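See below for the structure under consideration.
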Amino acid sequence: MCGIVAYIGQREAYPIILKGLKRLEYRGYDSAGIALLNGGLKVYKKKGKVANLEEELQGKDLHSNIGIGHTRWATHGEPSDRNAHPHTAASGRFAMIHNGIIENYAQLKQELVNKGYVFHSDTDTEVLLNFIDDIQKNNNCEPEEAVRIALKRVVGAYVIVLLDRENPETLIAARKGSPLVIGVGKNEHFLASDASPIIEYTKEVVYVNDYEIAIIRPDELILKNLGNERQTPFITKLDMELAAIEKGGYDHFMLKEIFEQPQTIYDCLRGRLDATAGTITMSGVEKYAEQIMNANRIVMVACGTSWHAGLVAEYIFEELCRINVEVEYASEFRYRNPVINPGDVIIAISQSGETADTLVAIENAKSKGAIILGVVNVVGSSISRASHAGAYTHAGPEIGVASTKAFTAQLAVLTMIALTIGYKKGTLGQQRYLQLLKELEAIPEKVATLLQSVDQIKNLAEKYKDAQDFLYLGRGYNFPVALEGALKLKEISYIHAEGYPAAEMKHGPIALVDESLPVVFIATKDSYHEKVISNMQEIKARKGMVISVINEGDEQSIALSNDVIVVPEADEILAPMLSVIPMQLLAYYIGVARGLDVDKPRNLAKSVTVE
Ligand code: M6R
């Protein structure tokens, strides 16, 4: 939610910030803005994408060696020029960008209104900025001190970066609950919500921790906690190449990321799975293996696509490990008063590692004695750091707002954890264990084969692109794939879609079925196949249009379907890693056929750091 970029050093700040904002646009894209120091504080803001701002700034004198930039995902106030960041303090001295939500902003605002402050936007950010400005004026203190005093009163989540007209050699930043990375260069520093705007300038970064304030000068980075004690910046080397965050010849990041899956699943297995030796090596999991094996229950906590990965994992863990599994929406789990007993194991699943609901849910569970395992993609992210242990998914940066390669990598990691635990526990016999290792190792190759049928899916997209609604149905391991297929279609094409367990369909959604409704069946050969065929019959009898995802030679499904998509066969436990790929492609090509911006669907943002 919202992307922030800032620069201080010897170079021109504007091109660095602009490029950074384009890289972070996946985090929010309803308006953008930049503030520079160029003969005074200059603030430029524009509704819409970063390209609108760029066009607006053509031909302007934008010289400055310091600056801050922001791309917004609206929380308080509609997308507009006036609600765009940076905001300017009433004194005219400071400009500020913010990612997060100030929950007690109404109270702070009232205090400021009582003092005569007038607000020019609907944002919580302008309130916090003027609160800082007011403290600075009243105490005649250093801005750093004003920030510290202000943040002690703030309830909520934030990353802020403050640009001070009176201090052209200093930026002040602070973080709680939203991500902030600082790139350390030679006589320069780069600030951003993630490493993508930084990677081409330096690989040395510092991840700022919650409740830390950073005072950043070209040649100096000071970190302090809210108690004004100095903290030692911990420099990490980025393990990421520039190519990973570029489109590399594809029309969209989403398509690139779908096509990366043979490699990303392979990368996820590499160094861990050795089918010949019959081993899986996952040090984080090994460390807690005893506790997981003996856990009374495992709770998967996640949101969106990651929650769907948790649902698939529920089936796998229960089957292989015979442990009771619950799958929870993080947003519900955090606000309920869930029963958590010491020794319960929570598996937090998240691509970004920054999803606010998931983060708070695991922090709550941790405080009640649960063991937290993180299955996270972004290295060094908040959820990975809040977990006791875990396993990274190693899918590389996922930039398309719709999650694709992260999902299959999550499935690969979760499957490896279940295999490890089931085998150790003895609930999974050696023969089946070895067979599943071999099958898992073969998945990247099968995904590559499957991706060759892309033209057929493109044609289907053309055929069905004008449908008003879609129904996605599956049973067992493929039920979460139906949910994921529907979510992808909604996000990318704005077509209403519902995912359902195929048998549950007759308890309501069947009323929707007529000759205009495409019904996608995930019907690969598994222990539920015969039952799925019966459900297909029920749809066919009501003239629904059946599109089925099947294995080669499935004549029963072919006879009942208007269209079929064939995927390679796999053990039913692993089948979702294959059957989900046509779901991703269908959503992608329908979105493209409808002329939509599939990488930046309306109203969405990649990293949901607000609740
Ligand atoms: O970064 P996370 O995996 O925690 O994100 C969770 C959801 O916000 C995310 O999966 C969202 O549903 C995607 N847009 C799905 O494509």
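Condition check: touching a residue at least 12 places away in the same chain (Cβ under 8 Å) and in a helix (DSSP H, G or I). Does ILE34 satisfy that?
Considered against the rule, which asks whether it is touching a residue at least 12 places away in the same chain (Cβ under 8 Å) and in a helix (DSSP H, G or I), ILE34 comes out as no.
Go through (1) within 16 Å of the ligand (Cβ to nearest atom); (2) basic (Lys, Arg); (3) touching an Asp or Glu at 6+ places or on another chain (Cβ under 7 Å) and name the single condition LYS488 misses.
Of (1) within 16 Å of the ligand (Cβ to nearest atom); (2) basic (Lys, Arg); (3) touching an Asp or Glu at 6+ places or on another chain (Cβ under 7 Å), only one is false for LYS488: (3).
For segment 220-248, which residues satisfy the criterion of being of a type in the set (Asp, Glu) and more than 30 Å from LYS152 (Cβ to Cβ)? Before you say what the answer is, go through the steps one by one.
Narrowing segment 220-248 to residues of a type in the set (Asp, Glu): 220, 229, 239, 241, 246.
Answer for segment 220-248, where residues must be of a type in the set (Asp, Glu) and more than 30 Å from LYS152 (Cβ to Cβ): ASP239, GLU241, GLU246.
Pairs, please: C-beta under 6 Å, at least 6 apart or cross-chain, first residue away from the ligand (no atom under 16 Å from the Cβ) and in segment 335-356, second at pLDDT below 90 and open to solvent by 10 Å² or more (accessible area, probe 1.4 Å)?
So the pair list comes out empty.
Could you tell me which residue of segment 513-527 is nearest to ASN478 (Cα to Cα), considering only residues that are over 32 Å from the mean Cα position of the chain (by Cα) and not acidic (Asp, Glu)?
Filtering first and then ranking leaves SER527.
Quick one: which helices (runs of 4 or more DSSP H) lie wholly within segment 490-606 and hold at least 1 residues that are among the charged types (D, E, K, R) and surrounded by fewer than 21 Cβ atoms within 10 Å (Cβ to Cβ)?
Correct list: 529-541, 555-560.
For (1) closer than 17 Å to THR355 by Cα; (2) modelled with pLDDT of 95 or more, each residue gets a yes or a no:
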| residue | (1), (2) |
| --- | --- |
| GLY374 | yes, yes |
| GLY396 | no, no |
| ALA418 | no, yes |
| THR427 | no, yes |
| TYR433 | no, yes |
| LEU436 | no, yes |
| ALA448 | no, yes |
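Are any of the residues in segment 253-267 assigned to a loop (DSSP other than H, G, I, E, B), open to solvent by 40 Å² or more (accessible area, probe 1.4 Å), of a type outside the set (Val, Ile, Thr) and within 30 Å of ALA593 (Cβ to Cβ)?
yes
Is it the case that some residue within segment 125-135 is in the same structural domain as ILE216 (by TED's automatic domain parsing) and in a loop (DSSP other than H, G, I, E, B)?
no
Which of the residues belonging to segment 316-334 are touching a strand residue (DSSP E or B) at 6+ places or on another chain (Cβ under 9 Å) and within 14 Å of the ligand (Cβ to nearest atom)?
VAL327, GLU328, TYR329, ALA330, PHE333, ARG334
If you go through segment 37-52 one residue at a time, how many are surrounded by fewer than 24 Cβ atoms within 10 Å (Cβ to Cβ), assigned to a helix (DSSP H, G or I) and hydrophobic (A, V, I, L, M, F, W, C)?
Matching residues across segment 37-52 total 1.
Being more than 12 Å from the ligand (Cβ to nearest atom) and either charged (D, E, K, R) or touching a Leu at 6+ places or on another chain (Cβ under 7 Å) (or both) is the filter here; which residues of segment 583-610 pass it?
Listed by number, the residues that qualify are LEU586, ILE590, ARG594, ASP597, ARG602.
Take GLU204 and decide whether it is over 16 Å from VAL378 (Cβ atoms), charged (D, E, K, R), touching a His at 6+ places or on another chain (Cβ under 9 Å) and in the same structural domain as ASP164 (by TED's automatic domain parsing).
no
Looking at (1) free of Cβ contacts under 8 Å to residues at least 12 places away in the same chain; (2) near the ligand (Cβ under 8 Å from one of its atoms), can you tell me which one ALA406 breaks?
Here ALA406 meets the rest and fails (1).
Which residues, counting only those in segment 359-379, are within 14 Å of the ligand (Cβ to nearest atom) and open to solvent by less than 20 Å² (accessible area, probe 1.4 Å)?
Our first condition is that a residue be within 14 Å of the ligand (Cβ to nearest atom); within segment 359-379, this holds for 359-362, 374-379.
Hits for segment 359-379 are LEU359, ALA361, ILE362, GLY374, VAL375, VAL376, ASN377.
Considering only helices (runs of 4 or more DSSP H) fully contained in segment 282-374, which possess at least 2 residues that are at negative phi, in contact with an Asp or Glu (Cβ under 8 Å, 6 or more places away or on another chain) and assigned by TED's automatic domain parsing to the domain that holds ARG175?
none
With the checklist (1) surrounded by fewer than 16 Cβ atoms within 10 Å (Cβ to Cβ); (2) touching a Cys at 6+ places or on another chain (Cβ under 6 Å) in hand, flag the one item TRP73 doesn't pass.
(1)
Can you confirm whether GLY426 is more than 20 Å from ALA302 (Cβ to Cβ), without any contact (Cβ under 8 Å) to a residue 40 or more places away in the chain and open to solvent by less than 60 Å² (accessible area, probe 1.4 Å)? Before the answer, list the steps.
Details: more than 20 Å from ALA302 (Cβ to Cβ): yes; without any contact (Cβ under 8 Å) to a residue 40 or more places away in the chain: yes; open to solvent by less than 60 Å² (accessible area, probe 1.4 Å): yes.
Criteria met by GLY426.
Anything in segment 284-308 that is closer than 13 Å to GLY374 by Cβ and in contact with a helix residue (DSSP H, G or I) (Cβ under 7 Å, 6 or more places away or on another chain)? List them, or say none.
VAL285, MET300, VAL301, ALA302, SER306
Got a sec? Which of LEU108, LEU57 is farther than 23 Å from THR609 by Cα and either surrounded by fewer than 18 Cβ atoms within 10 Å (Cβ to Cβ) or modelled with pLDDT of 95 or more (or both)?
LEU57
Could you list, in sequence order, all residues of segment 279-311 that are away from the ligand (no atom under 16 Å from the Cβ) and open to solvent by 20 Å² or more (accessible area, probe 1.4 Å)?
THR279, THR281, SER283, GLU286, LYS287, TYR288, GLU290, GLN291, MET293, ASN294, ASN296, ARG297
The values are calculated or read from the model by the stated rules, or taken from the named source; none is laboratory data. Here the structure is a predicted model, which means the values were calculated and not measured. All Cβ positions, even for glycine, are placed from backbone atoms using ideal geometry, and neighbour counts span all protein chains on display. Just the protein is used for accessible areas: all its heavy atoms, side chains included, with ligands, DNA and RNA removed. Shrake-Rupley method; radii C 1.70, N 1.55, O 1.52, S 1.80 Å.
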